[in-house]
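Take a look at the structure set out below.
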Amino acid sequence: MMKFCPNCQVKVGRTFDYCPLCQNELIYKFDTDTSENQEANDSESDLQADREHLNEYDSAIALSSILQDPYFPDCSRLKTQSFWYKLQLFIMCAATFICFAVDFLITYDRDIHWSLIVLLWVVGFQILLNKLIKRHSLPSYFVFYIAVYIGVLLLPTAYYLGFLSFCVNYILPCICMTALILNFIFCMLDKTGNAMVYMLCNVLIGVLPSIIMIAIYGMAPLFWIICMITTVVSIFALVIFVGPKVRNEIIKRLNI
């Protein structure tokens, strides 16, 4: 608000009581431009204040969400897996105890105690399950270790039950060939190269028994010969199709 001369239509400073041009008495009048500027400044201040309030509100919402959400991820899946693992462990332990009770308390006069075989397989299964759970989920890893554990468990089982020759000549080479074919497929489909080491280990298992048998007895069973042929053909395929991967894996494993 400032002084204004209605005759000259000019604005005059507040120190004057009369117009310096016509000496007419000055009146007070609101300065529209100043009021508009003031209103604009007030609006801008209000807008800035609203923005600050919104920022404070957003910060409060974000803080509340952080406080409400747990720091660690949801462990419901791990709890579910732990429950099923404990359930199968309980079933295995209960079944093993029942087998021992039946074997030694009810049919104690038998020469062969089959409950020992049950105990062997239960212990081996639990060791294998722990190994598979704690490691990665690579299919070649599962196939290789399942084949190895089954072969290791079959040998004392076959010796104890009296079919060791059948197991060595037929069952073990079939297991080895099955694992070899599966690992070869996984190795060709794998893009990371992590399946190659299990394929190479499977190759050694497929070749060494036949070489040892030929060196000791002069010949090997038919199924082991077939297994060796399958292994050599797989080696040719690996060298032809993914030769650099095979070379890099051998260099990495042997630290060359």
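Could you tell me the extents of segment 109-201's C-alpha atoms along the three principal axes, largest first, rounded to whole Å?
Cα spread of segment 109-201 along its principal axes, largest to smallest: 57, 30, 13 Å.
How much of the accessible area of segment 153-233, probe 1.4 Å, is carbon plus sulfur, in whole percent? Don't jump to the answer; show the numbers that get you there.
Numbers: 3480 of 4350 Å².
Answer for segment 153-233 is 80 percent, counting heavy atoms of protein chains only.
Counting only the heavy atoms of the protein chains, how much of Val102 is accessible to a 1.4 Å probe, in Å² to the nearest 10?
Surface accessible to solvent at Val102 totals approximately 50 Å².
Of the cross-linked pairs Lys86/Lys252; Lys134/Lys252; Lys79/Lys252; Lys86/Lys245, which ones have a Cα-Cα span greater than 32 Å in the structure shown?
Details: Lys86/Lys252 39 Å; Lys134/Lys252 24 Å; Lys79/Lys252 38 Å; Lys86/Lys245 40 Å.
Too far apart for the 32 Å limit: Lys86/Lys252; Lys79/Lys252; Lys86/Lys245.
Just tell me which lysines come within less than 29 Å, Cα to Cα, of Lys3; anything on the same chain fewer than 8 places away is out.
Correct list for Lys3: Lys11, Lys29.
Among Ser210, Ser165, Ser76, what's the order by accessible area (1.4 angstrom probe), most exposed first? Intermediate results must be reported in sequence, preceding the final value.
Numbers: Ser210 0, Ser165 80, Ser76 60 Å².
Listed by decreasing accessible area, they come as Ser165, Ser76, Ser210.
Averaged per residue, what accessible surface does segment 121-160 expose to a 1.4 Å probe, in Å²?
Values: 2210 Å² over 40 residues.
That works out to 55 Å² for each residue.
The values are calculated or read from the model by the stated rules, or taken from the named source; none is laboratory data. What you see is a predicted model, and the numbers here were worked out from it, not measured in a lab. Please note that ligands, DNA and RNA were not included when accessible areas were found on the heavy atoms of the full protein model with its side chains. Shrake-Rupley method; radii C 1.70, N 1.55, O 1.52, S 1.80 Å.
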